[in-house]
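*Asks:* Quick one: the structure is below, and I'll ask about it shortly.
The values are calculated or read from the model by the stated rules, or taken from the named source; none is laboratory data. The model shown is predicted, which means the values in this text are computed figures rather than measured ones. Backbone-built Cβ (ideal geometry, glycine too); neighbour counts: all protein chains shown. Surface accessibility is based on the protein's heavy atoms, side chains included, excluding ligands, DNA and RNA. Shrake-Rupley method; radii C 1.70, N 1.55, O 1.52, S 1.80 Å.
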Amino acid sequence: MPLEGPARIVSELTTRGYNAEREAVTLIAAAERPQPTLEQVVEQLPERTLVVRTEHVRAVLEESTPASSESSPVSSESPPSNPSRDGDDSTDRPQNNPSVSTGDPSQPSPTPRTDPPVETEGSVDHIERSSDISRRSLEIANDMTGESTGTGEYKDFVAVFRDRLERLGSKLRGRFNHRPASAIQSMPGGSEAAMVGLVNDIRSTASGHWLIELEDATGTFPWLVMKDREYADLVEELLCDEVLAMEGTLADDSGIAFVDSMSFPDVPRTYEPSTADRHVQAALISDVHVGSQEFMADAWNRFADWLHTEEAQHVEYLLLAGDMVEGVGVYPDQDEELDIVDIYDQYEAFNECLKRVPGDLDIVMIPGNHDAVRLAEPQPGFDERLRNIMSAHDPRIVSNPSTVTLEGVSVLMYHGVSLDEVIAELPEEKANYDEPHKAMYHLLKKRHVAPQFGGHTRLAPEKEDYLIIEDVPDIFHTGHVHKLGFGKYHNVLAINSGCWQAQTDFQKSVNIDPDAGYAPIVDLDTLDVTVQKFS
Ligand code: D5M
Ligand code: FE
Ligand code: ZN
């Protein structure tokens, strides 16, 4: 059985009749090959030993690698001096959500720290982190790795949009006396009608009204939103290919309907998120971009070292939402800013970064648009070769998007390429780069992580639409735009993590000022967020 994390190591030892010191488990998990290390430790245990201790593991590790390959000893450096906490962001009104309050990353420290990276080799003792690994639980859902069946043919696109309309439509159909497009066309003029469909086209008319064409399995029907109606404001939020319901009154010739209301699949306002039943935390990060000249190794090392400290003792999960490495050939002229030019060498270097974090963390990773997997979404988890490289601490490697449930708290992880689109299409006050969580609210409202097809976001049609937000998550975690922001939408915590890459030339040219070197930490028992700063 492959080992996939500390929890498994504990359970494997327990089934063999051993208890284990926490530090011993950490060391096994951090070993280059945890399974053989465990076998060897067990084999060499003195008779009548009941508890696997640190020294038992060290003896095995030293034997196999005389130069000492113990990873991630802690530094003696103190934790960052200005940890920041968010204020009360528990409002359920999306328009009113504050972004980060204290420690607002929009006001970064003017003097970045320049301490040299801490050396990892050596035998500095870890600070004992106090967690009961047996209380952990981590489940994955909606991982499509290995399930890809689409060939990209026209019929696959038809099938995936059908699935989208069917499943998102079912969240709306119960609320309306809806009719298919073909039936609405033959209803008498002046009747009340309702339809559930995909947005096919959005146009403004010569007189400033809006014409929205909805499509369902039977055809299309045009809906007119008058410019002075309250719903006109919602038109500017619409994206092509999202699913919604419209109600209205048919014109005399039944060729068009005047919209009276518009409804989205949405998250119920009364949604009650689940929480963990003990004090335990998760660090939610993304966009490490190892291999880029702008990768902030010092900040990363401070983060990794901080994770070994007492202050971080409750951080037991580490979630990485894509862009582990800078990749090769992702954007024009990107090669001029590469520090490591070979993609596999970039992942090797990323793995070294991973080794520095405590071995007893449970780690989950999804790919992003800079990673070496297909660009079209959903993106399957990394292939075997990359998994073998990124093996430190046996991370769980799953698709983008995927849902991971930590002790009952579900976290929808999605890299976030569609955020660029939401921000480009919606008016500034509804979605912008400084408040990326607000753009995330729209995805929650549409119950789809990447509604619009054909823009930035590329779609790989599969047998079902993996990008639908079928179940409401307790936490929605994205990255990609390199800005930190969080807030609550109908009680769902939306967090966009920052990045570990300083401003690139391209970002300078378009005025993107990244929030680099921050780690948002979520209390899984309360869904409160604290931001730790390492830059
Ligand atoms: O992209 C980080 C952010 O910067 C994201 O909002 C896209 C934008 N970006 C970065 N480089 C480019 C180029 N060359 N063209 C267009 N948009 C860009 P990430 O892909 O995570 O590095
Ligand atoms: Fe990125
Ligand atoms: Zn990205």
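*Asks:* Since I340 meets every condition but one in (1) more than 23 Å from E407 (Cα to Cα); (2) in contact (Cβ under 8 Å) with a residue 60 or more places away in the chain, which condition does it not meet?
*Replies:* Result: I340 passes all but (2).
*Asks:* Restricting to the range 479-520, and then to whatever is without any contact (Cβ under 8 Å) to a residue 40 or more places away in the chain and assigned to a loop (DSSP other than H, G, I, E, B), can you tell me which residue is nearest to ligand 2 (Cβ to nearest atom)?
*Replies:* P514
*Asks:* Could you go through the range 372-390 and let me know if any residue there is over 19 Å from E147 (Cα atoms) and within 16 Å of ligand 2 (Cβ to nearest atom).
*Replies:* No, the range 372-390 contains no residue that is over 19 Å from E147 (Cα atoms) and within 16 Å of ligand 2 (Cβ to nearest atom).
*Asks:* Does at least one position in the range 198-212 carry a residue that is closer than 15 Å to D465 by Cα and modelled with pLDDT of 95 or more?
*Replies:* Within the range 198-212, one or more residues are closer than 15 Å to D465 by Cα and modelled with pLDDT of 95 or more.
*Asks:* Enumerate the helices (runs of 4 or more DSSP H) found wholly within the range 1-58, keeping only those where 1 or more residues are within 32 Å of the chain's Cα centre (by Cα) and at pLDDT below 75.
*Replies:* Here the list reads 6-15, 22-30.
*Asks:* Further question on the same structure: With the structure loaded, tell me whether Q313 is within 16 Å of ligand 1 (Cβ to nearest atom), open to solvent by 10 Å² or more (accessible area, probe 1.4 Å) and of a type outside the set (K, R) or whether it fails that test.
*Replies:* Criteria not met by Q313.
*Asks:* Taking the criterion of being open to solvent by 10 Å² or more (accessible area, probe 1.4 Å), among the acidic types (D, E), within 16 Å of ligand 1 (Cβ to nearest atom) and out of contact with any strand residue (DSSP E or B) (no Cβ under 8 Å at 6 or more places or on another chain), would at least one residue in the range 489-511 satisfy it?
*Replies:* yes
*Asks:* If G327 satisfies every condition in (1) away from ligand 2 (no atom under 16 Å from the Cβ); (2) free of Cβ contacts under 8 Å to residues at least 60 places away in the same chain; (3) not in a strand (DSSP E or B) but one, which is the exception?
*Replies:* (1)
*Asks:* Can H442 be described as open to solvent by 10 Å² or more (accessible area, probe 1.4 Å) and closer than 13 Å to H415 by Cα?
*Replies:* Considered against the rule, which asks whether it is open to solvent by 10 Å² or more (accessible area, probe 1.4 Å) and closer than 13 Å to H415 by Cα, H442 comes out as no.
*Asks:* What are the residue pairs meeting all of these: first residue in the range 370-383, first residue in contact (Cβ under 8 Å) with a residue 40 or more places away in the chain and over 17 Å from P461 (Cβ atoms), second residue within 14 Å of ligand 1 (Cβ to nearest atom) and of a type in the set (G, A, S), Cβ atoms under 6 Å, and 6 or more apart or on different chains?
*Replies:* If the second residue must be within 14 Å of ligand 1 (Cβ to nearest atom) and of a type in the set (G, A, S), the pairs left are H370/G327.
*Asks:* Go through the range 256-294 and give me each residue that's touching an Asp or Glu at 6+ places or on another chain (Cβ under 8 Å) and closer than 30 Å to I340 by Cβ.
*Replies:* A282, S286, D287, V288, H289, V290, G291, S292, Q293, E294
*Asks:* Looking at the structure I just gave you, is I512 more than 17 Å from the chain's Cα centre (by Cα), of a type in the set (A, V, I, L, M, F, W, C) and within 16 Å of ligand 3 (Cβ to nearest atom)?
*Replies:* For I512, the condition - more than 17 Å from the chain's Cα centre (by Cα), of a type in the set (A, V, I, L, M, F, W, C) and within 16 Å of ligand 3 (Cβ to nearest atom) - is met.
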